[in-house]
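Dropping the structure in here first, questions after.
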Amino acid sequence: MDKFSRRKNVIIGVLCAIILIFTTVIQSDMYKRTAWGTKHVITVGAFSDSYWEVQNGYSYYILNNAIQRFEEQYPNVKVRFESGIMKEDYSEWLAEKMLSGDTPDVFFVLPDDFNGLAELGALKDLSDFTAGDSTFDDGQFYDSAYAYGQLEGVQFALPYECAPKLMFVNKSILDREDIAMPEKDWTWNDFYEICSKVTKDTDGDGEIDQFGEVGYSWRDAFTSNGVELFNQDGTQCYLAGENTKKAVTFMDRLEECSGGVNVGSRDFDKGNVAFQPMSFSEYRAYKSYPLSVKKYSGFEWECIPMPSGPNGDNISSLDTLMVAMNRNTKNAKYAWEFMKILTYDKEIQSEIFKYSEGASVLKSVTDSDEAPQELGQHIDGSGILDQQILSDAIENAAVAPRFRNYDYAVAEIDRAINEIIEGQSNIGTELIIWNRSINRKLKNSGW
């Protein structure tokens, strides 16, 4: 054999060895763990504790499951996140990441931060993704939860988990006073009549010690009476409308019902108040041992929809944790796919009922046969929350228009309502005055 033939055979042998090694690596999935096998890394911004401020022992549990599911589908992509960030520090941490140019590709968005982040241009417009993805159907979400991620009609975030506001009812007080539980379609009149009847001095010491309600706010009254405070683009406020006047008048009557006593949530915890609006997440947090024993052991309680005003319905507000994409991400395709697993995957969404205190934003999950099993049953005689009440509360929840300076405008309205109720002036006249002031600021960007 001449020198050329030997060299040719050596080259062929080396090539065969390389092919054999390459084939072995591919078949064994070893390439996924090599630098040249991992082509993409997406980063996620998340906090370690529960959004609902309840210690549940499942820090990052759902997130890790979502990451595992994603990496199985996309073996060439790794998902990484920085652990140990508490919710109370999360907004500041995220802001620092943005200032340093190290914004995560995907990150959770707190409701209080959404407007500001969207206005600053930190969030990517998801319209092209939602419209161009044949596997995505926004109709799978509750409309109210999905709308939570919109600013001026643009979708900047997807909902991850939510919690509507419900009315907690102290059944023990109603039983003692021989009052039937309100129906699901109860009204302001029903609410006021019960509050008036139960507010009394029960021990004869001359001081009122049992009350009708605590925590019912002007926002609850506005929502349940069909009040639309702003137009869609936030250039006009309608504080002087007839529905608003009725809501403020009703709030004024409720204030008088308490006899001037400053009632607090602690009074409800001790079993001295008939009604308190609370988030569904609080129902989840305190429905089972040991927290239910610790907080509500002295009385039976249930949750029902909020009362309706004369021009409204039995609806309430919705609190929603969202997921958004970095506007400048270089991994938009994979960021979108990971967002879908967090928010749109039924298995991941079903884990919210197991490992969090919120509710799934997918109708098919919250309405499923498995959801009631996860909601469980109360001790001390309290019953299971009606699944239809929960689903209806989410679906029908009011979603206010989101626009620039929204938070400032609402803060001004809050100040206005408090001053009107505390004062002795004509409610209708005061609403007109405040409405003019707020509209001037909206028109001239006075905030």
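Are any residues in the stretch 127-171 of a type in the set (S, T, N, Q), surrounded by 14 or more Cβ atoms within 10 Å (Cβ to Cβ) and part of a helix (DSSP H, G or I), and if so, which ones? Explain how you work it out, then say what you get.
Looking only at the stretch 127-171, we keep the residues that are of a type in the set (S, T, N, Q), and these are 127, 130, 134-135, 140, 144, 150, 155, 170.
Still in the running and surrounded by 14 or more Cβ atoms within 10 Å (Cβ to Cβ): 130, 140, 144, 150, 155, 170.
The answer is THR130, GLN140, SER144.
Table: residues versus (1) modelled with pLDDT under 50; (2) of a type in the set (A, V, I, L, M, F, W, C); (3) in contact with a Phe, Trp or Tyr (Cβ under 6 Å, 6 or more places away or on another chain).
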{"site": "VAL10", "(1), (2), (3)": "yes, yes, no"}
{"site": "MET30", "(1), (2), (3)": "yes, yes, no"}
{"site": "VAL41", "(1), (2), (3)": "no, yes, no"}
{"site": "VAL44", "(1), (2), (3)": "no, yes, yes"}
{"site": "ASN56", "(1), (2), (3)": "no, no, no"}
{"site": "TYR61", "(1), (2), (3)": "no, no, yes"}
{"site": "ASN64", "(1), (2), (3)": "no, no, no"}
{"site": "PRO75", "(1), (2), (3)": "no, no, no"}
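Let me ask something else. Among the listed residues GLY234, GLY215, GLY121, which satisfies the condition of being in contact (Cβ under 8 Å) with a residue 24 or more places away in the chain, part of a loop (DSSP other than H, G, I, E, B) and closer than 25 Å to GLU357 by Cβ?
On the way: GLY234 fails: closer than 25 Å to GLU357 by Cβ; GLY121 fails: closer than 25 Å to GLU357 by Cβ.
Matching residue, one of GLY234, GLY215, GLY121: GLY215.
This table checks each residue for (1) hydroxyl-bearing (Ser, Thr, Tyr); (2) at pLDDT below 95; (3) in contact with a Lys or Arg (Cβ under 8 Å, 6 or more places away or on another chain).
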site: TRP93; (1), (2), (3): no, no, no
site: LYS97; (1), (2), (3): no, no, no
site: GLY101; (1), (2), (3): no, no, no
site: ASP112; (1), (2), (3): no, yes, no
site: SER127; (1), (2), (3): yes, no, no
site: ASP138; (1), (2), (3): no, no, no
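Which one of these is among the acidic types (Asp, Glu), at pLDDT 95 or above and in the same structural domain as ILE420 (by TED's automatic domain parsing): GLU256, GLU302, GLU242?
Values: GLU256 fails: at pLDDT 95 or above; GLU302 fails: at pLDDT 95 or above.
The unique qualifying residue is GLU242.
Which of (1) under 23 Å from GLU282 (Cβ atoms); (2) in the same structural domain as LYS124 (by TED's automatic domain parsing) does GLN140 not meet, given it meets every other one?
Status for GLN140: all satisfied but (1).
Looking at the stretch 419-438 only, could you name the residues that are assigned to a helix (DSSP H, G or I) and either at pLDDT below 95 or within 30 Å of LEU362 (Cα to Cα) (or both)? Quick ask: steps written out before the conclusion?
Looking only at the stretch 419-438, we keep the residues that are assigned to a helix (DSSP H, G or I), and these are 419-422, 427-438.
Within the stretch 419-438, ILE421, GLU422 meet the criteria.
Same structure again: If I filter the stretch 237-260 down to residues being over 22 Å from ASP190 (Cβ atoms) and touching a residue at least 12 places away in the same chain (Cβ under 8 Å), which single residue comes out as surrounded by the most Cβ atoms within 10 Å (Cβ to Cβ)? Quick ask: steps written out before the conclusion?
So the first thing to find is which residues in the stretch 237-260 are over 22 Å from ASP190 (Cβ atoms), and the list is 237-241, 260.
If we keep only those that are touching a residue at least 12 places away in the same chain (Cβ under 8 Å) as well, we get 237-241.
Details: CYS237: 24, TYR238: 17, LEU239: 26, ALA240: 18, GLY241: 19.
That would be LEU239.
So which residues in the stretch 413-447 are buried (at least 17 other Cβ atoms within 10 Å of the Cβ) and over 19 Å from ASN243 (Cα atoms), if there are any at all?
Within the stretch 413-447, LEU442 is the sole residue that qualifies.
Can you run down the residue pairs with Cβ atoms below 6 Å, 6 or more apart or on separate chains, where the first is in the stretch 57-83 and in contact (Cβ under 8 Å) with a residue 40 or more places away in the chain and part of a helix (DSSP H, G or I) and the partner is surrounded by 12 or more Cβ atoms within 10 Å (Cβ to Cβ) and among the acidic types (Asp, Glu)?
Final answer for the pair search is ILE62/GLU351.
Okay, next question. Could you list, in sequence order, the residues of the stretch 186-212 that are buried (at least 16 other Cβ atoms within 10 Å of the Cβ) and part of a strand (DSSP E or B)?
THR187, GLN210, PHE211, GLY212
Of the residues ASP175, ASP185, ASP203, only one is modelled with pLDDT under 95 and either more than 27 Å from GLU300 (Cβ to Cβ) or not aliphatic (A, V, I, L, M) (or both); which? Walk me through how you get there before you give the answer.
Numbers: ASP175 fails: modelled with pLDDT under 95; ASP185 fails: modelled with pLDDT under 95.
Selected residue: ASP203, the only one of ASP175, ASP185, ASP203 that is modelled with pLDDT under 95 and either more than 27 Å from GLU300 (Cβ to Cβ) or not aliphatic (A, V, I, L, M) (or both).
Look at the stretch 69-125 and say how many of its residues are under 21 Å from the mean Cα position of the chain (by Cα), of a type outside the set (D, E, K, R) and loosely packed, with under 13 Cβ neighbours inside 10 Å.
Summing the residues that are under 21 Å from the mean Cα position of the chain (by Cα), of a type outside the set (D, E, K, R) and loosely packed, with under 13 Cβ neighbours inside 10 Å in the stretch 69-125 gives 1.
The values are calculated or read from the model by the stated rules, or taken from the named source; none is laboratory data. Predicted model, so just to flag it, every value in this text is computed and none were measured. Methodologically, a virtual Cβ is constructed for each residue, glycine included, from the backbone with ideal geometry; neighbour enumeration extends over all protein chains shown.
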